[in-house]
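Here's the structure we're looking at; comments come further down.
The values are calculated or read from the model by the stated rules, or taken from the named source; none is laboratory data. None of these values were measured; they are calculated from a predicted model. Note that we place each Cβ from the backbone using ideal geometry, even for glycine, and neighbour counts take in every protein chain shown. Ligands, DNA and RNA are stripped out before the accessible areas are found, and what is left, the full protein with its side chains, is counted by its heavy atoms. Shrake-Rupley method; radii C 1.70, N 1.55, O 1.52, S 1.80 Å.
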Amino acid sequence: MIRFNLNGAWVEASDVAPTTTLLRWLRDTRGLSGTKEGCAEGDCGACTVAVVEQGAKGPEYRAVNSCLLLLPMVHGKHVVTVDGLKREQLHPAQQALAEALGSQCGYCTPGVVMTLFEATYRGDLDAPWKLDDQLCGNLCRCTGYRPIREAAQQVAGTCPADEFSKALPASAPADTSLQLERAGQRFTTPATFDALWDELDAHPDARFVVGGTDLSLEITKRFQAPPKLVSLEALAPLRALTEVDGVLRLGATATISELEAFTAARSPAIHRMVRYFGARQIKHRGTIGGNLCTASPIGDLAPVFLSLGATAVLRSRATERRVPLHEFFVAYRKTALGPKEVLAAIEVPRPSPTARSVAYKVSKRRELDISTVSAGLFVDTDASNLVTVARFAFGGVAATPKRATAAERAVVGKPWTRETALAASKLLGEDLTPLSDHRGSANYRALVARNLLVGFFDETLTVRQPALQSGHAATVQPGGLS
Amino acid sequence: MSTLHQPQLHESGKLHVTGEARYVDDLAVPALVAQVVPAPVAHGRIRRLDVTRARAVPGVVAVFTHRDVPGENQVGPVIHDEELFAFDTVRFLGQSVALVVAESYAAARAGVKAVELEVDPLPAITTLDEALAKGSFLTDPHTMQRGDVEAAFVGAPLVLQGQVRTGGQDHFYLETQCSLALPEEGGTVRVISSTQHPSEVQTILSHVLGVGRSSIVVEVPRMGGGFGGKETQAAPYAAMAALAAVKLRKAVKVWLNRDQDMMWTGKRHPFLSNWRAAFDAQGRILALDAKLYADGGFSSDLSRAICDRALYHADNAYFVPAIRVTGQVAKTNLPSNTAFRGFGGPQGMALVEEVMSRAAERLGLDPATVRAQNFYGDAPRNVTQYHQTVTENRIGRIWSELLESSRYAQRRAELEAFNAGSAHHKWGLAITPVKFGISFTTSFLNQAGALVVVYADGTAQVNHGGTEMGQGLHTKIRAIAAHELGLDVSDVRVMTTATDKVPNTSATAASSGSDLNGQAVKAACETVRERLVPIAQKLLGAEAVSFAGGFATGGGKAVPMREVTQAAYLAQVSMSATGYYRTPGINYDRATAKGKPFHYFAYGAAVAEVELSGLTGEHRVRRVDILHDAGRSLSPSIDVGQVEGGFIQGVGWLTCEEVRFDGKGFLATHSPDTYKIPACGDTPTEFHVKLLENAAQEGVIHGSKAVGEPPLMLALSVVAALRHAVSAFGPAKTEVELAMPCTPEALLFAVEHAKSKG
């Protein structure tokens, strides 16, 4: 039985298939039609609701796409929807949006309201561009966004002492473990590793899921229901983000938003990639492990992790083993994971101060888009500026995330100069085999990959591991040579 | 106090933010649902269509094909060349072949899979170029001209030629197509539809069902966006719902999910234009000769009028001494392209703006100067290619005010300094004008009706023919009605648009919503008011009385309007009235290609500043300044919203939005995963929008001007600014080769081309 708190009251969802989305259940079963379906793939935000999750500083409201959220994923949690916001008066987010004329047709509006609802209680929205990051998962076709931004500026971080603030401390997810079998589908959320291994022994054909930002598309777009799912969401050790002896250990089920906060002061390269990873809603549900285990050639984390020399930690009932990340990606959408084995964490050594390291993502639209080309670029040099280590990793230009080994080999031992970078850029074609599709032609992708390597040299001339400048910085920021 | 001309909140704003606002799919009416059986290929002959197995699928209630249509199997709005259900030939991938009605979407989808449909593929035309090469057209060419074009080219100091392409654009209204049909007694039906044109839905339904229009009521509560995409293209799906509801005697809903909506409904017409132009050495245009081709898709829809509007706007704000523009609509095996904000106007303007940019680049002149010296002026420089005289021209005033307020000249100098010191990033700055003709160019469509109902308690309901899709029409109408009746706006309710309240309406389109319906509402209110005046005179004991803000005043006294209406009721006075309006004095003779198709012109200008990366082709709009002419705005807050929203939508069309079909007519960009409309971060952080002051327009409702479409074309300033930034990567006088939409790829290749000139 799925049980969760909806707008302040505990509700039960009985007799529903485990692959029912929260959106469909709200609308079809509860008649709560305020929450809208705009795309059923997490790209428009009209379905946004807030879910309380345990954050680093306590429970917090997180805006998520209810179209991708399967009902078992909210078991034991508190959910707030647009239909539950209004009390005696409008919520400040609603009030601000209405007064700014932030709604025209009104169809995206409930989703915008819920994203602003999260923003209202966020304490870290301290720059205007962060509001765009907060809002980029809510498409509006009418307003041109200016009034929506204005409303966001008014409410972001105001943390009013209202009943939503007061309810928060007691709203942390409690027991979210679950075992459910209905309509020929099985969904399990084990709370311990033993329970996980037992489930896998009994159901070796079960598929893993955490946030569901990728897997749910099979349900909402292809209308196929995976018969057996095992959620890793309740296994706390898999979610930990720690730093020990200069190595970042990044738990596989940590969300992208958690990774973003964790890396802000620890890894400029990862942080820059995560900034443009996706919408706030997606970052709240998407996970490190999910992004890597799909082994998609356009996954955003692989290139930056590859460039930093990351290691994958794989865990099964019997053992824990370590695999260099470049060996983890075996083929198109295939990884080195064995049966009954999970990706537990990624270990990323902090680069030495002498190393140059940046990650780039180029896409048709800057925010909430899939990479046309992405790159993680890393070069370390010795005292006489000779290259000791080079790792040039790319996404979107081969069947898997890929290191450009010919170019890497060509620079090792050479002085790190613009000429060296330029010469290496011309060798990228030996490893990269881009395709043409609707995101970009092969020629464009090849040209961008070359330009990024040269741009990387220029950008890191003075600051070797440049953080994202505030504001809407260009992908390759002006560096020593602007 | 009247709220007319004052900033107002959106009439439904509070309902939007609470989620209370109901759209068709939100209505709590139990209904059967449906799925369309789509054609699997872009062109083919149906060899076999057997729905027997589908009918047997559990949960499937019925399957309908062309055989089940009691009336005409036709949904073509102007020309009857579009079947409701394909029956022998399929002409685009996704064309409706049958409808499965079921108790659930899962059952309906299973039913679709069980339909046995065999189609023998025929050669398909899936690009505009292919259609042109094969001579595949939906219309004959239509030409507008003035002056001796051939003579003007002889000995001209500068002759340029080129080809301009503009891309398609998905409407991406957040609410997809949806219609709910409720059967009523005696074979009649009520259809609640997300449509901009309820009267046309009613008409098409009457043809499909073979009944009179009086048997059908179409209602529109509100739309979650329209932008032209629900002008004609709601009708087929509404017709399917109505057909099923009448046949089954049950409520039936037809709703398209996002992918279906994007794959099956038409978009903005892609255009390809070949042109040549003559200039003098100072950049004054002497002649323009252009052929414009539109991709109409598989059927006519509104394509002819859209192509005409491109021709009407191929001059934009410029007087071209000798001009000849010809337009023709190509026929392809793609979804039928349709109305989209601007209706061909943007495509026509994109052409002439590229011509102006090219001339300025070649001559090494500031494009702002080249543009300004070519504006329409005094006679004889004030006659268009369709021989309408341009009167009350405001572009000069807008241009100089905006150049000043945006600090164009200083910023251009600052920009040159930045560019000189920046290798990988260049800034561009440009100003472009808009002159947009207001009226349906099919002249008889310029009519509207209203029904105003005042109750004895002093509250009123207003019915009019327009539909609310977010543009704020109801907000303006409410203000007009409250003003005329002297009521407080909170006592005026604008009703769901319904064909049984106001008949024979035109689409809410062509920016005409408040111009036409506002006048009709005003007329209806005036009739009621005239009847209330004697009552008030008696109550107040005064000859001169006035109604405003909920009170009747006269003779030094004031009484609440509800006392007047109550007294009118007791005195047996009618307090409902209809109103009607038609735009005077407009016409166009297609045979001679001459006339006065537009009641007036709306004007505006925009200054855009961009930053472009020469490494990736990515760009960012840094700042935009707009000065737009909305006349004496009925509601400045609503109109600023139209300007901002229209501008960003135009920026989307011209930059990030790319409609891509594969070679087989399958839409590769059929969801927001692959089709990118602007997101929040794409809006410039410096975005200054102002409405022109002291700009009342004579002959239009309360001195206002239409504002729905014109601002979209202000986005051409971004393309002009991008061209400027691209040229900065090359040597002086670099002529830019930049495709639209200006995607990062298009821009990077343009940069490479510019660099190669150095």
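Quick look at the values:
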{"read-out": "Matching entry among B:124, B:114 (being within 15 Å of residue B:297 (Cα to Cα), surrounded by 15 or more Cβ atoms within 10 Å (Cβ to Cβ) and in contact with a Lys or Arg (Cβ under 8 Å, 6 or more places away or on another chain))", "value": "B:124"}
{"read-out": "Residue satisfying condition, being touching a helix residue (DSSP H, G or I) at 6+ places or on another chain (Cβ under 8 Å) and closer than 30 Å to residue B:202 by Cβ, within set B:49, B:93", "value": "B:93"}
{"read-out": "First in the range B:541-553 and without any contact (Cβ under 8 Å) to a residue 60 or more places away in the chain, second anywhere and among the hydrophobic types (A, V, I, L, M, F, W, C), Cβ under 6 Å, 6 or more apart", "value": "B:545/B:536; B:545/B:552"}
{"read-out": "Extreme residue, least open to solvent (accessible area, probe 1.4 Å), among residues of the range A:154-175 that are under 23 Å from residue A:1 (Cβ atoms) and modelled with pLDDT of 95 or more", "value": "A:171"}
{"read-out": "Matching residues, the range B:658-680, being more than 7 Å from chain A (Cβ to nearest Cβ), within 17 Å of residue B:174 (Cβ to Cβ) and either touching an Asp or Glu at 6+ places or on another chain (Cβ under 7 Å) or surrounded by fewer than 24 Cβ atoms within 10 Å (Cβ to Cβ) (or both)", "value": "B:670, B:675"}
{"read-out": "Among residues of the range B:370-394, those that are among the aliphatic types (A, V, I, L, M) and over 12 Å from residue B:431 (Cα atoms), counted", "value": "3"}
{"read-out": "In the range B:707-750, the residues that are within 14 Å of another protein chain (Cβ to nearest Cβ), in contact with a Leu (Cβ under 7 Å, 6 or more places away or on another chain), crowded, with 23+ Cβ neighbours inside 10 Å and in a helix (DSSP H, G or I)", "value": "B:715, B:718, B:725, B:747, B:748, B:750"}
{"read-out": "Which listed residue is in contact with a helix residue (DSSP H, G or I) (Cβ under 8 Å, 6 or more places away or on another chain) and either in a loop (DSSP other than H, G, I, E, B) or among the acidic types (Asp, Glu) (or both), from A:188, A:176, A:213", "value": "A:213"}
{"read-out": "The range A:452-482: number of residues that are touching a helix residue (DSSP H, G or I) at 6+ places or on another chain (Cβ under 7 Å), at the interface with another protein chain (Cβ under 7 Å from one of its Cβ atoms) and more than 25 Å from residue A:261 (Cα to Cα)", "value": "1"}
{"read-out": "Options B:311, B:272, B:334; residue that is at pLDDT 95 or above, out of contact with any Ser or Thr (no Cβ under 6 Å at 6 or more places or on another chain) and farther than 30 Å from residue B:389 by Cα", "value": "B:334"}
{"read-out": "Residue match in the range A:300-307 (condition: part of a loop (DSSP other than H, G, I, E, B) and open to solvent by less than 20 Å² (accessible area, probe 1.4 Å))", "value": "yes"}
{"read-out": "Any hit, the range B:59-71, residues being within 14 Å of chain A (Cβ to nearest Cβ), under 24 Å from residue B:232 (Cβ atoms) and part of a helix (DSSP H, G or I)", "value": "no"}
{"read-out": "Residue list for the range B:516-531, filter: within 27 Å of residue B:598 (Cβ to Cβ), open to solvent by 10 Å² or more (accessible area, probe 1.4 Å) and more than 27 Å from the chain's Cα centre (by Cα)", "value": "B:526"}
{"read-out": "Output for the range A:358-396, where each listed residue is within 30 Å of residue B:621 (Cβ to Cβ) and assigned to a strand (DSSP E or B)", "value": "A:358, A:359, A:360, A:361, A:362, A:373, A:374, A:375, A:376, A:377, A:394, A:395"}
{"read-out": "All positions within the range A:129-163 that are over 23 Å from the mean Cα position of the chain (by Cα) and polar (S, T, N, Q)", "value": "A:143, A:153, A:154, A:158"}
{"read-out": "Of the criteria (1) open to solvent by 60 Å² or more (accessible area, probe 1.4 Å); (2) within 30 Å of residue B:388 (Cα to Cα); (3) touching a residue at least 40 places away in the same chain (Cβ under 8 Å); (4) in a loop (DSSP other than H, G, I, E, B), which one residue B:580 fails", "value": "(4)"}
{"read-out": "Scope the range A:41-72; condition among the aliphatic types (A, V, I, L, M) and open to solvent by less than 10 Å² (accessible area, probe 1.4 Å); matching residues", "value": "A:46, A:49, A:50, A:51, A:52, A:63, A:64, A:68, A:69, A:70, A:71"}
{"read-out": "Residue count for the range A:263-288, restricted to those that are more than 10 Å from the chain's Cα centre (by Cα) and among the small types (Gly, Ala, Ser)", "value": "4"}
{"read-out": "Residue B:325 being open to solvent by less than 10 Å² (accessible area, probe 1.4 Å) and within 19 Å of residue B:597 (Cβ to Cβ)", "value": "yes"}
{"read-out": "Residues of the range B:193-224 satisfying the condition of being within 14 Å of another protein chain (Cβ to nearest Cβ) and open to solvent by 10 Å² or more (accessible area, probe 1.4 Å)", "value": "B:221, B:222"}
{"read-out": "First in the range B:307-321 and in the same structural domain as residue B:355 (by TED's automatic domain parsing) and acidic (Asp, Glu), second anywhere and in a loop (DSSP other than H, G, I, E, B) and open to solvent by 10 Å² or more (accessible area, probe 1.4 Å), Cβ under 7 Å, 6 or more apart", "value": "B:308/B:441"}
{"read-out": "Pair list, Cβ under 6 Å, 6 or more apart: the range A:255-266 residue within 14 Å of residue A:284 (Cβ to Cβ), other residue of a type in the set (D, E, K, R)", "value": "A:256/A:283; A:257/A:283"}
{"read-out": "The range A:435-451, subset in contact (Cβ under 8 Å) with a residue 40 or more places away in the chain and more than 7 Å from chain B (Cβ to nearest Cβ), residue nearest to residue A:478 (Cα to Cα)", "value": "A:449"}
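Each row is one residue, and each column tells you yes or no for (1) under 18 Å from residue A:76 (Cβ atoms); (2) loosely packed, with under 14 Cβ neighbours inside 10 Å; (3) modelled with pLDDT of 95 or more.
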{"position": "A:185", "(1), (2), (3)": "no, no, yes"}
{"position": "A:192", "(1), (2), (3)": "yes, yes, yes"}
{"position": "A:204", "(1), (2), (3)": "no, yes, yes"}
{"position": "A:211", "(1), (2), (3)": "yes, no, yes"}
{"position": "A:217", "(1), (2), (3)": "no, no, yes"}
{"position": "A:222", "(1), (2), (3)": "no, yes, yes"}
{"position": "A:229", "(1), (2), (3)": "yes, no, yes"}
{"position": "A:252", "(1), (2), (3)": "no, no, yes"}
